[in-house]
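First comes the structure, then the notes that go with it.
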Amino acid sequence: MSLIKNLAEQAAEAAQTLAVLDEQLKNTVLLDMARALRAHSFEILNANKVDMDNAAANQLSDAMLDRLKMNQDRIEAMAQGIEMIATLPDPIGELRDMGKRPNGLNISKMRVPLGVVCMIYEARPNVTADAGALCFKSGNAVVLRGGKEALSTSKVIAEILQTVLKHYGLPAALITVVPDPDRALMMELMQQRDYIDVIIPRGGEGLINFVTDNSKIPVIQHFKGVCHLYVDKDADLDTALALLLNGKTQRTGVCNALEGLLVHQDVAEQFLPKVAAAFSQHQVKINACGEAAKYFDACTLMEEADFGQEYLDLEIAVRQVEDFTQAINHIRRFGSHHTEVICTTNELTAARFQRTVDASVVMVNASSRFSDGGELGLGAEIGIATTKLHAYGPMGLESLTTEKYLVSGDGQIRA
């Protein structure tokens with residue numbers, strides 16, 4: 001049996017052990033996982049230094065280096081995310097009454113795990129802990145195939161979590177790391193539909209497309225994050241500037257960072273000079289349409305087809321729009337269904353924006369950086385789905401489950 005098939009089969013067998021675990025034991029295990037990550041931070045940082053040195057030698061982009069980097073704060077964030085997951089209600093076994101049929105059959109639905117989840121990801125070693133904890137609490141085994149740039153860090157994090165599992169007599173295969181980043185093995189992994197129930201890729205657009213095109217297993221897609229802030233004619237401009245700076249400059253190499261700014265023409269003359277001054281201080285590169293360009297000393301003039309890019313850097317596209325409708329049309333054409341934000345004091349406009357915009361997260365007067373499972377109360381996220389089957393937006397515990405029908409009768413037969 002090949003390495004990949006063996007790993008997948010072991011994960012599927014391990015998943016069966018979770019069916020008999022009660023919520024209290026799951027939470028105890030999770031809290032010990034959080035403690036173990038803190039206790040072994042030295043080993044995580046040492047492994048991450050190896051990955052960071054290799055990444056620098058291979059000239060990875062600043063965005064990739066940012067995603068790859070571990071420090072004490074990020075280890076603490078992983079641990080706190082696991083602790084929050086432990087506080088959340090266990091969705092498994094939750095019943096939903098569907099009523100009683102005229103023939104006397106009682107119908108209900110029970111929430112159940114997906115089974116085995118496969119994560120394919122690039123320079124995001126925190127995914128190892130987030131996915132491991134979320135899948136464990138939701139009753140799923142997980143197979144983790146990280147990119148070569150994060151392999152050392154991911155393996156150490158997984159080994160720490162596996163040690164906790166084994167301490168409680170649980171199979172280490174509940175959290176499995178593919179130890180070799182060879183792309184041929186990834187291809188084989190995507191064919192294991194007898195053992196793996198769903199694949200969730202996280203990374204660049206090229207990776208998502210590759211997995212979608214080659215997998216024989218259902219894929220929950222997490223495409224790029226082209227997120228916009230629309231500054232409405234009724235916006236509080238100080239609030240708008242704060243949202244813009246936080247969304248663009250607080251952390252650039254993440255999918256919930258702002259990549260586009262849309263400004264209503266009625267406030268452009270007041271607002272865009274403030275943007276120019278602030279972005280000059282933060283050394284943000286400006287790409288602007290003809291109407292907006294006049295407010296910036298230095299910018300790249302954009303054509304219509306140039307919009308819709310994910311910069312993942314101190315760079316942004318700026319467009320002046322005539323009205324609400326033009327802003328919506330721009331988002332419809334150039335957004336990526338990830339996160340869209342409006343700044344306005346008009347409640348009717350805000351409600352209309354949230355109803356109209358097709359994105360997994362639609363915000364009013366809040367930074368796009370809150371589009372994150374931890375910030376939205378999920379503890380952590382396994383990804384942000386930008387397609388609608390079978391989840392949309394940050395995926396937490398419930399998104400890693402499905403429902404089965406329970407039918408109870410007293411001998412009914414169909415005529």
Of all residues making up region 360-415, the number that are free of Cβ contacts under 8 Å to residues at least 60 places away in the same chain, loosely packed, with under 14 Cβ neighbours inside 10 Å and at negative phi: 4
Some residue of region 280-295 being open to solvent by 50 Å² or more (accessible area, probe 1.4 Å), within 30 Å of residue 381 (Cα to Cα) and in a helix (DSSP H, G or I): yes
For residue 272: the one exception among (1) in a loop (DSSP other than H, G, I, E, B); (2) surrounded by 14 or more Cβ atoms within 10 Å (Cβ to Cβ): (1)
Odd one out for residue 346, checked against (1) more than 19 Å from residue 266 (Cα to Cα); (2) open to solvent by 10 Å² or more (accessible area, probe 1.4 Å); (3) in contact (Cβ under 8 Å) with a residue 40 or more places away in the chain: (1)
Residue count for region 221-241, restricted to those that are modelled with pLDDT of 95 or more, over 12 Å from residue 368 (Cβ atoms) and not charged (D, E, K, R): 6
Residues located in region 82-94, provided they are closer than 17 Å to residue 127 by Cβ and touching a helix residue (DSSP H, G or I) at 6+ places or on another chain (Cβ under 6 Å): 82, 85
Residue count for region 7-65, restricted to those that are closer than 30 Å to residue 114 by Cα, basic (Lys, Arg) and open to solvent by 50 Å² or more (accessible area, probe 1.4 Å): 2
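Quick one: which residue in 208, 199 is at pLDDT below 95 and open to solvent by less than 10 Å² (accessible area, probe 1.4 Å)? Talk me through it step by step, then tell me what you get.
Numbers: 199 fails: at pLDDT below 95.
Step by step, each of 208, 199 is checked, and only 208 is at pLDDT below 95 and open to solvent by less than 10 Å² (accessible area, probe 1.4 Å).
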Considering residues of region 356-415 that are among the acidic types (Asp, Glu) and in a loop (DSSP other than H, G, I, E, B) only, the residue nearest to residue 115 (Cα to Cα): 381
Inter-residue pairs, beta-carbon under 6 Å, first crowded, with 21+ Cβ neighbours inside 10 Å and in region 219-241, second charged (D, E, K, R), 6+ apart: 222/202; 226/259; 226/310; 227/259; 228/340
Residue tally, condition without any contact (Cβ under 8 Å) to a residue 40 or more places away in the chain, of a type in the set (A, V, I, L, M, F, W, C) and assigned to a helix (DSSP H, G or I), over region 122-163: 1
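With at pLDDT 95 or above, open to solvent by 10 Å² or more (accessible area, probe 1.4 Å) and small (Gly, Ala, Ser) as the only criterion, which of 115, 139 stands out?
Numbers: 139 fails: open to solvent by 10 Å² or more (accessible area, probe 1.4 Å).
Testing whether each residue is at pLDDT 95 or above, open to solvent by 10 Å² or more (accessible area, probe 1.4 Å) and small (Gly, Ala, Ser) leaves just 115.
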Near pairs, Cβ below 8 angstrom, 6+ apart or cross-chain, from region 86-112 (open to solvent by 100 Å² or more (accessible area, probe 1.4 Å)) to any residue that is of a type in the set (S, T, N, Q): 87/27; 95/108; 96/108; 97/108; 100/106
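The values are calculated or read from the model by the stated rules, or taken from the named source; none is laboratory data. Predicted model, so just to flag it, every value in this text is computed and none were measured. Every residue, glycine among them, receives a Cβ derived from its backbone with ideal geometry; neighbour counts consider all protein chains shown. All accessible areas refer to the heavy atoms of the entire protein, side chains included, with ligands and DNA or RNA removed. Shrake-Rupley method; radii C 1.70, N 1.55, O 1.52, S 1.80 Å.
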